[in-house]
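Below you'll find the structure, written out as structure tokens, and then a few comments.
The values are calculated or read from the model by the stated rules, or taken from the named source; none is laboratory data. Model, not experiment: these values are computed from the prediction. Every residue, glycine among them, receives a Cβ derived from its backbone with ideal geometry; neighbour counts consider all protein chains shown. Accessible surface areas use protein heavy atoms only, side chains included; no ligands, DNA or RNA. Shrake-Rupley method; radii C 1.70, N 1.55, O 1.52, S 1.80 Å.
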Amino acid sequence: MGKIHLLDDASINKIAAGEVIERPASVVKELVENSVDAGADTIRIDATMGKKSSIRITDNGCGMSKDDAALSYIKHATSKIKNVEDIETVRTMGFRGEALSSICAIANVEIMTKTRDELAGTKVIIKGGKLISIIETGAPDGTSVFVNDLFYNTPVRKKYLKSDSVELAQIIDVVTRMALGHNGVSFSLFNNGKEILRSPAAELLDTIIHIYGQEVARAMLPVNLVAGTIRITGFISKPELLRSNLLFQSFFINDRSINSKAIGFALRDGYGTLIPKGRFPISVLKIYVDTKEVDVNVHPTKNQVRLSHERDICDMVTRSVRDALSGKNLIPEIKVPSKQSQQSLLYGEPAYSSPMVKETVTDFGPSAKDTERRLRRSERFGEEFEKPTGIEMPQVRVLGQVDSVYIIAETGDGLMIIDQHAAHERVFFELVRASKKDDSQELIVPINIELDQREKTLMNETIPYLEEFGFRISEFGSGTFAVTAVPIVLGKLEDPLMVHDIISDILSQGKIKDETGIFERVTKTIACRSALKAGAVCSTSQMENLIKQLLQTENPYTCPHGRPTMISFNRQELDKLFKRR
Ligand code: ADP
Ligand code: MG
């Protein structure tokens, strides 16, 4: 990989500056990138959480000579570029020469490294940016960087760290993207000595199986498009396999994991009307372009890039997705070996193969059946609960619905406009809030939910809270959870997708800050997912029913998120609006 040297001032000044180490996951990202750049084909990450937390990255890459090791932790020391012009053609993940120095400045670091040609290895110990010792030592080929006491001298940053499980979830996210981006490299991630993720050095689809599981892999379609110097490959999910957040979308440009709203939109465009609002396909898209077309020097963490022909590339992404979905792709159908575990035979097919999933997708807007079911669920409860303080029940005559979103009604001498989703959310919010652990309903067929490692980590700390609401959940395989009972408000649940969404929504909100916070969150999420959707066509009697339910709530005026549920104008206000005296 060449020798390490210091960049000149002119180059340093042109390199996007800024902090790169914000949290343990950033340490993992930078060190894993170094291992990839060193040509390693096996990378192991050890994350120890808790009081004595540490991170160790071990690779079998090219290693460093003693001289290089002694320079590696110096700011702006790199072997990857000579000067700023080289950034135009750089193919390595790193080039700023700042990762090791930033990490060493705020931690206690031990680097063990050995090149293949040398007999002895080198051990360097640095604390708070200062060299403590550098000695010759026996070591395997490759490099291992051991980071302890991260942020020991930056207490403010330490204070902003989140709970262990949230920090671990971030690490898993980083390793997941790295493994998908560099499927030719084998990754393993251990937490407190326990292996929690492993991906082989293999074809991308194999990596997808290891990261997201068989069920997901089985529903993936290959993407392949070459036009001029641009090439797009990867996998996208069939429209029946969608998620409720963006964590399952990875985009790579020249193997670098990047965030790009534009590419996200382009991907979505490719699906056209096949995906409903608020749901997202799973995707691993790798875009290869001439290095001159990408400016990687726009952000210190390098997860954003500037593309010279972004519009063209986005158009190609859309086209490649459309082709993949229309079966134009020439790559034969993917065959994933079916290896059903005993447990999944016991509990039946996992949630994703449910026909419900297809129903939501093929229908435009929620079906009449769905609307009726949702209204019924909250109605049954409206009767069981005492009518709370509520407001005076006015005479309401429904006049109609606007754009399947707003209900227009006449009240006495005035006019009322109701946001049907917000209104129904309020109804459910109060029902869920009043429900207890015992208001639980056993499911005839348990719902299996396959979670990825990131979600799984958060799931374990979330289960007790979900159970307070009447969920009963048990883990029975790596990453698979069975929901055996649900809160009674969810009704006789034939809707595994909704349960998955509720759980996935709660998990995607990350950290559990405090008990009240999580209860609020669960309540709101269940309410939001149970409520009538904006876009649902309602009959007059359904609208009347909803208004009746709304007016029985304690606070009918706002939804749980604080938006108004209704706006009303009395006769005087209407007169004023029309300048009538
Ligand atoms: P950059 O990656 O931007 O060059 P870093 O601070 O991350 O900067 O690393 C400095 C240098 O240390 C690298 O250029 C590389 O030569 C060397 N280095 C770091 N990690 C490794 C590793 N795992 N294996 C071999 N060399 C490494
Ligand atoms: Mg680096």
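Anything in the stretch 548-581 that is touching a residue at least 24 places away in the same chain (Cβ under 8 Å) and assigned to a helix (DSSP H, G or I)? List them, or say none. Walk me through how you get there before you give the answer.
Initially, the stretch 548-581 is screened for residues touching a residue at least 24 places away in the same chain (Cβ under 8 Å), giving 548-556, 558-561, 563-571, 573-574.
Of everything in the stretch 548-581, those that are touching a residue at least 24 places away in the same chain (Cβ under 8 Å) and assigned to a helix (DSSP H, G or I) turn out to be 548, 549, 550, 551, 571, 573, 574.
Scanning the stretch 464-490 for residues that are open to solvent by less than 20 Å² (accessible area, probe 1.4 Å) and not small (Gly, Ala, Ser) gives 466, 469, 471, 473, 481, 483, 486, 487, 489, 490.
Going through the stretch 101-122 one residue at a time, which ones are touching a strand residue (DSSP E or B) at 6+ places or on another chain (Cβ under 8 Å) and either within 14 Å of ligand 2 (Cβ to nearest atom) or β-branched (Val, Ile, Thr) (or both)?
Applying the first criterion (touching a strand residue (DSSP E or B) at 6+ places or on another chain (Cβ under 8 Å)) to the stretch 101-122 yields 101, 103-104, 107-114, 120-122.
If the condition is that a residue be touching a strand residue (DSSP E or B) at 6+ places or on another chain (Cβ under 8 Å) and either within 14 Å of ligand 2 (Cβ to nearest atom) or β-branched (Val, Ile, Thr) (or both), then 101, 103, 104, 109, 111, 113, 122 are the ones that fit.
Residue-by-condition table, conditions (1) part of a loop (DSSP other than H, G, I, E, B); (2) polar (S, T, N, Q); (3) more than 13 Å from ligand 1 (Cβ to nearest atom):
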position: 122; (1), (2), (3): no, yes, no
position: 131; (1), (2), (3): no, no, yes
position: 140; (1), (2), (3): yes, no, no
position: 143; (1), (2), (3): no, yes, no
position: 147; (1), (2), (3): no, no, no
position: 157; (1), (2), (3): no, no, yes
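Checking each residue in the stretch 8-32 for being more than 22 Å from residue 154 (Cβ to Cβ), open to solvent by 10 Å² or more (accessible area, probe 1.4 Å) and within 14 Å of ligand 1 (Cβ to nearest atom) picks out 12, 15. Return a yes/no flag: does the stretch 285-295 have any residue that is more than 24 Å from residue 182 (Cβ to Cβ) and not assigned by TED's automatic domain parsing to the domain that holds residue 18. No, there is no match, as no residue in the stretch 285-295 is more than 24 Å from residue 182 (Cβ to Cβ) and not assigned by TED's automatic domain parsing to the domain that holds residue 18.
Is it fair to say residue 80 is more than 29 Å from the chain's Cα centre (by Cα), farther than 16 Å from residue 113 by Cα and in a loop (DSSP other than H, G, I, E, B)? Give the derivation first.
Working: more than 29 Å from the chain's Cα centre (by Cα): yes; farther than 16 Å from residue 113 by Cα: yes; in a loop (DSSP other than H, G, I, E, B): yes.
So residue 80 passes the test.
Report, by residue number, each residue of the stretch 33-52 that is in contact with a helix residue (DSSP H, G or I) (Cβ under 7 Å, 6 or more places away or on another chain) and away from ligand 1 (no atom under 13 Å from the Cβ). The answer is 47, 49, 50.
Pull up the stretch 1-32, narrow it to residues that are in contact with a Pro (Cβ under 8 Å, 6 or more places away or on another chain) and of a type in the set (A, V, I, L, M, F, W, C), then point me to the one that is nearest to ligand 2 (Cβ to nearest atom). Quick ask: steps written out before the conclusion?
Taking the stretch 1-32 and keeping what is in contact with a Pro (Cβ under 8 Å, 6 or more places away or on another chain), we get 16-20.
Adding the requirement that they be of a type in the set (A, V, I, L, M, F, W, C) leaves 16-17, 20.
Values: 16: 14, 17: 15, 20: 9 Å.
So, considering only residues that are in contact with a Pro (Cβ under 8 Å, 6 or more places away or on another chain) and of a type in the set (A, V, I, L, M, F, W, C), the one nearest to ligand 2 (Cβ to nearest atom) is 20.
Could you check the stretch 33-54 and list, in sequence order, the residues that are away from ligand 2 (no atom under 14 Å from the Cβ) and open to solvent by 40 Å² or more (accessible area, probe 1.4 Å)? Working first, answer last.
Pass one, the stretch 33-54, residues away from ligand 2 (no atom under 14 Å from the Cβ): 41-42, 44-54.
Those that are away from ligand 2 (no atom under 14 Å from the Cβ) and open to solvent by 40 Å² or more (accessible area, probe 1.4 Å): 41, 42, 44, 48, 51, 52, 53.
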